[in-house]
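Down below is the structure, laid out as structure tokens.
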Amino acid sequence: MELQNTEKDISVFRAVDWITIVLYVILVSAGAVSIYAASYDSDHANIFDFNEFSGKQFLWIGLSLVIGCVILLLDYRIWETYAYLIYGIVILVLIATIFLAPDIKGSRSWLVFGPVSLQPAEFGKFATALALAKLFNSYNFSLNAKISNYFRALIIIFLPISLILMQRETGSALVYISLIFVLYREGMSGLVLFSVVCAVTYFVVAVKFVEPLILGIPAGEFSVFVMVCVIFIMMLLFYCKDIFVARNVIIGYLGAGILVTVLDLCGIHINGTVFFLVIILGGLIYVALMMFHHHLQKYLVTIAFALVSVGFLFSVNYVFGNVLEPHQQGRIKVALGIEEDLRGAGYNVNQSKIAIGSGGLTGKGFLNGTQTKLKYVPEQHTDFIFCTIGEEEGFAGSAAVLVVFLALILRLIEIAERQRTPFGRVYAYCVLSYLIFHVCINIGMVIGLCPVIGIPLPFFSYGGSALWSFTILLFILLRIDAARKERRD
Amino acid sequence: MKDYSYAKRKYVIAGFITTIVMIYLIRLFSLQVGDDKYKENADSNAFLRRVIYPARGLVYDREGRLVVFNQPAYDVMLIPKDVGRFDTLALCKVLGLDKAELEEKWKEMKNPRKNPGYSAYTPQKLISHLSQEDYGRLQEKLYMFPGFFVQKRTVRQYAYNAASNVLGNIREVSAADVERDRYYRSGDYTGDLGIEKSYEKALRGEKGVEILMKDAYGRIKGSYEEGIHDVAPVSGKNLTLSIDMELQQYGEQLMRNKIGAIVAIEPATGEVLCLVTSPGYDPSLLVGRERGKNYAALVRDPYKPLYDRAIQGAYPPGSTFKPTQGLIFLQEGVVSLSTMYPCYHGYINGLRVGCHGHGSPIALKPALQTSCNAYFCWGFKNMIDKRGTKAGDQFEKWKNYLVEMGYGYKLGIDLPGESRGFIPNTEFYNKSYRGSNWSANSVISVSIGQGEVLATPLQIANLCATIANRGHYFTPHVVKEISDSTIDAKYRERHTPHIRRAHYEAIAEGMRMAVTGGTCRTANLPGIEVCGKTGTAQNPHGKDHSAFMGFAPYHNPKIAVCVYVENAGFGATFGVPIGSLIMEKYLTGSISDARKGIEERMLNSNTILTSGVTKH
């Protein structure tokens, strides 16, 4: 028995995907160095001082390596077998957290055990990934087979989201939205992804461009109306593949456009909202009349899409002004460049841009960053850790970090696709979706392209929970992947 | 089973993330390499962020006289990392220090216990409060000392040597302050004691910041991007005190060589007109370089000048407590205005509480006039030992009335450190008598303001204001207005104890009689109808405390005052004259010739020498 075990262990370490391990080690080491730099103080220069952030982070890294090895040595089947059990336990812990966690800066998401605090929301990620993977692994499961399959998947995703929202950790809850990539890969209609992209674009355009007024409506709204018309025509052309109808709609719209321009020049002003509603509705009625039965569903989708787009546009201003909290509005306005607000919502972002921008091509050199050393950037060892890299290592360093993240994500896609069971594939896509979300949002906010959402940069930000969470996510995947070869033996 | 139908979708996902990474790379490139805005500073060592301190709010008195203002002071600052080699002797010469002193200061700056915010990267304070001349000399030679700079600050100046207990002072923040409020940085100032503390947020304003660029040698090269990132400081808000500084000063003069307090309140608003504690101290002692030394001396002073007796001293109220008893008995129906109680030189009912010579039997108003102990003992006994009730329940009722009148809890004046005084409750006596088998006689002395009952001069003055208003009061406060803001709504809220107005009217009449023909005759001012009540409180330290409370005029009162002089004897000997002088001064602006003698006597007497107290 023992002999067999050792053989198996050796084979695990032989079969494991070493490229991923190398990328992981590069990122974690770069993270440790950055935290050391971010909290560096010439008076407390001991890198392993456990009272300092860097010292503690070394402890977390050491422990995460142990966790990684233990996971590799465990049987890969336990994750599939106990997926629902793990999910259930984590959900219970999340519920308990709402009641047990002390209030830290308005959020109730940290469980405190003496000197150690844990954020259960971080561990919800791998539990949800396991549960989702197990669901897709059910016999003959196909997302599109039954509508109830969608519900089952969505329940698994939205249960932790709602619990984490109740802990007032909006950032951690939004991470689960990234699982839309998994659903897409497993057969969800591309239209959903397309709708999300359209919704984000509409939102940004409508909120950002308030001036000048065109046909009596803000330029942003005008542009969104134009986009709705263009997408409507494009869908007729490429989705319904009805060149005849599309051509007529184009002619009609161009004619209406010229007519309204001429009238406007002659001094007869037509309100833009009325104009667009009339031509869009007109187009829709025309298409409804011209529908061919064998393409019925696609025409209906096209019509629905245009209607929902218009509805969305009308609700944007309401949602922005009434549903979002003032600090969230502030962060969005800063990210869209509508206002700078250097003392309030824009302070972090402005300081982090100054820090990164002052890094130049090659940076100021390790430990020579002044913006971060002088503590201009709040949260510089946690959410804004990328600043330190940008300032001290310059464009070269920060670009390298981005490229390594890209390499890791692409490698994970590769690993995902070579899995022979839906369990492995879905799990892998979950992991890489989380990674995509964290990297895009975190770096995006630091360089001022996304609103500030408080989520860490994986492997870099200070803190044990996030590091362990991503280590567990990654190593379970590596273990499952290693078993792919093992089975053949 | 491998599902190939959607496998192509991996390209969409890979394409998505690749596109985003590309966008981010372009953005990073434009921020770090393309943008001149940041590139210019890429080689520069750092920005220097110099804090611009706002002017702290000014303080005026109720007549608009300036009381507290600011004066510039200069601190020598440095950033340890940028300090290069420099001539220490030259620095000593410029600053007028010897080398050992400089080394001492340097060590102090680096000592993490004394300066918890020390970091080699941030500005640190080496020397505070540089004189104008030293500042001039240093500014000239500053180029010789890389890493050094001068920070302009303001310190407080006081127009009056008075009211230090109300005004408070400012001190450097402690490590605990920095921990509690992120606004503070090590080296900042914060209010300590008085309104400087309670109105700190309004007074301090908001710090601004000026971003300067430095070259590799630490020399300042001007402001960054012409100052568009600078933030201008917001000045602190000005306060208008309800205190009349002339009256306050006069009160402090009267209390010279005495220990105690004077509190005067405008009954119609609850505004405190003067809040004297004696002995006091000169507020400018706690300004500047000598602050630490002076502060330590004040702490060591056996007469405790830092202790604000007006709001922190809890004293037996003595006979000033009798009006509350009269009010409670009337409201509870224990007595009516015609009820008479016997007094044969005291209350004799199993035990004896002494009294002085006056007619017997006696009704409520004359009892107040002559301050008869027996009347209030009988009233108290009839209330607590009322047939068919439990002593405990009746006593609880009694206590609740007093709490409504402002006793037993902090009144909530806008000054830190107020004492709550003490009013016992039933539970307190059940504990000390190990059960409920106690009766009125066991605790009889509380009815004449002795025994366990304790009150602050502020609470006594507040009672007086309530009687002056015939049944309501406003929480006393010392700040009347805040510029561009309003005072807390709680100071505009009317508090009305559950006692009928007519009862207050009766008490006021009794207090008027005490002035016209009773214990407070000294307070009978010509042309002003004064009402008053003396208090002579026994205490275990020495001579009786001399107390007085009174208001004037009788109709439509303008001032309610409480005087409390520790160990000075009868209420009539110090309390009444001082209280009447305060009222006269406030109402007429001067002291009439006929009363100059009283004024003279009060200004020159020393009750500390005759107190009989051996150890303070």
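The values are calculated or read from the model by the stated rules, or taken from the named source; none is laboratory data. The model shown is predicted, which means the values in this text are computed figures rather than measured ones. Note that we place each Cβ from the backbone using ideal geometry, even for glycine, and neighbour counts take in every protein chain shown.
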Check: Tally time: how many residues in segment A:102-143 are within 22 Å of A:Trp79 (Cα to Cα), among the aromatic types (Phe, Trp, Tyr) and out of contact with any Leu (no Cβ under 6 Å at 6 or more places or on another chain)?
Finding: 4
Check: Which residues, counting only those in segment B:538-560, are in a strand (DSSP E or B) and either out of contact with any helix residue (DSSP H, G or I) (no Cβ under 9 Å at 6 or more places or on another chain) or modelled with pLDDT of 90 or more (or both)?
Finding: B:His545, B:Ser546, B:Ala547, B:Phe548, B:Met549, B:Gly550, B:Phe551, B:Ile559, B:Ala560
Checklist line | 1 or more residues closer than 16 Å to A:Ile472 by Cβ and at pLDDT below 90: qualifying helices (runs of 4 or more DSSP H) within segment A:65-172 | finding: A:120-136
Check: Within segment A:432-489, restricting attention to residues that are among the β-branched types (Val, Ile, Thr) and in contact with a Lys or Arg (Cβ under 7 Å, 6 or more places away or on another chain), which residue is farthest from A:Glu325 (Cα to Cα)?
Finding: A:Ile447
Item checked: Single residue of B:Arg137, B:Arg153, B:Arg182 found to be closer than 24 Å to B:Val231 by Cα, without any contact (Cβ under 8 Å) to a residue 60 or more places away in the chain and either in a helix (DSSP H, G or I) or of a type in the set (Lys, Arg) (or both) -> B:Arg182
Notebook entry, point to check: Which condition number does B:Leu298 fail, the rest of (1) more than 18 Å from the chain's Cα centre (by Cα); (2) part of a helix (DSSP H, G or I) being met?
Noted result: (1)
Item checked: One residue from B:Gly451, B:Gly408 being modelled with pLDDT under 90 and within 23 Å of B:Gln312 (Cα to Cα) -> B:Gly451
Note to self: So, B:Phe29, is that one surrounded by fewer than 16 Cβ atoms within 10 Å (Cβ to Cβ), modelled with pLDDT of 85 or more and either touching a Phe, Trp or Tyr at 6+ places or on another chain (Cβ under 7 Å) or under 30 Å from A:Leu193 (Cα atoms) (or both) or not?
What the structure shows: yes
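Yes/no matrix, rows are residues, columns are (1) among the aliphatic types (A, V, I, L, M); (2) closer than 24 Å to B:Tyr473 by Cβ; (3) in contact (Cβ under 8 Å) with a residue 24 or more places away in the chain; (4) surrounded by fewer than 24 Cβ atoms within 10 Å (Cβ to Cβ):
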| site | (1), (2), (3), (4) |
| --- | --- |
| B:Ser242 | no, yes, yes, no |
| B:Gln249 | no, no, yes, yes |
| B:Glu252 | no, no, yes, yes |
| B:Thr269 | no, yes, yes, yes |
| B:Cys274 | no, yes, yes, no |
| B:Pro283 | no, no, yes, no |
| B:Val287 | yes, no, yes, yes |
| B:Arg291 | no, no, yes, yes |
Check: Of all residues in segment A:127-158, which are more than 21 Å from A:Ile86 (Cβ to Cβ) and of a type in the set (Gly, Ala, Ser)?
Finding: A:Ser142, A:Ala145, A:Ser148
Note to self: Return the pair list, or none, for Cβ contacts closer than 8 Å from residues in segment B:482-503 that are part of a helix (DSSP H, G or I) to residues that are among the aliphatic types (A, V, I, L, M), at least 6 apart or on different chains.
What the structure shows: B:His503/B:Leu327; B:His503/B:Leu330
Checklist line | Selection status of B:Ala216, assigned to a loop (DSSP other than H, G, I, E, B), of a type in the set (A, V, I, L, M, F, W, C), modelled with pLDDT of 90 or more and surrounded by fewer than 22 Cβ atoms within 10 Å (Cβ to Cβ) | finding: no
Note to self: If I filter segment A:9-40 down to residues being modelled with pLDDT under 75 and surrounded by 14 or more Cβ atoms within 10 Å (Cβ to Cβ), which single residue comes out as farthest from the other protein chains (Cβ to nearest Cβ)?
What the structure shows: A:Ser11
Item checked: Scan of segment A:152-193 for residues that are touching a residue at least 24 places away in the same chain (Cβ under 8 Å) and of a type in the set (Phe, Trp, Tyr), ordered by number -> A:Tyr176, A:Phe181
Next item on the list: Would you check which residues across segment B:484-500 are of a type in the set (Ser, Thr, Tyr) and either farther than 17 Å from B:Ile467 by Cα or surrounded by 13 or more Cβ atoms within 10 Å (Cβ to Cβ) (or both) and list them?
Entry: B:Ser485, B:Thr486, B:Tyr491
Notebook entry, point to check: For the subset of segment A:407-440 comprising residues that are over 14 Å from A:Phe181 (Cβ atoms) and β-branched (Val, Ile, Thr), which member is nearest to the other protein chains (Cβ to nearest Cβ)?
Noted result: A:Thr421
Notebook entry, point to check: Does any residue in segment A:289-314 that is modelled with pLDDT under 85 come within less than 6 Å, Cβ to Cβ, of a residue that is in a helix (DSSP H, G or I) and surrounded by 12 or more Cβ atoms within 10 Å (Cβ to Cβ) six or more places away or on a different chain, and which pairs are these?
Noted result: A:Met290/A:Val245; A:Met291/A:Tyr299; A:Lys298/A:Tyr239
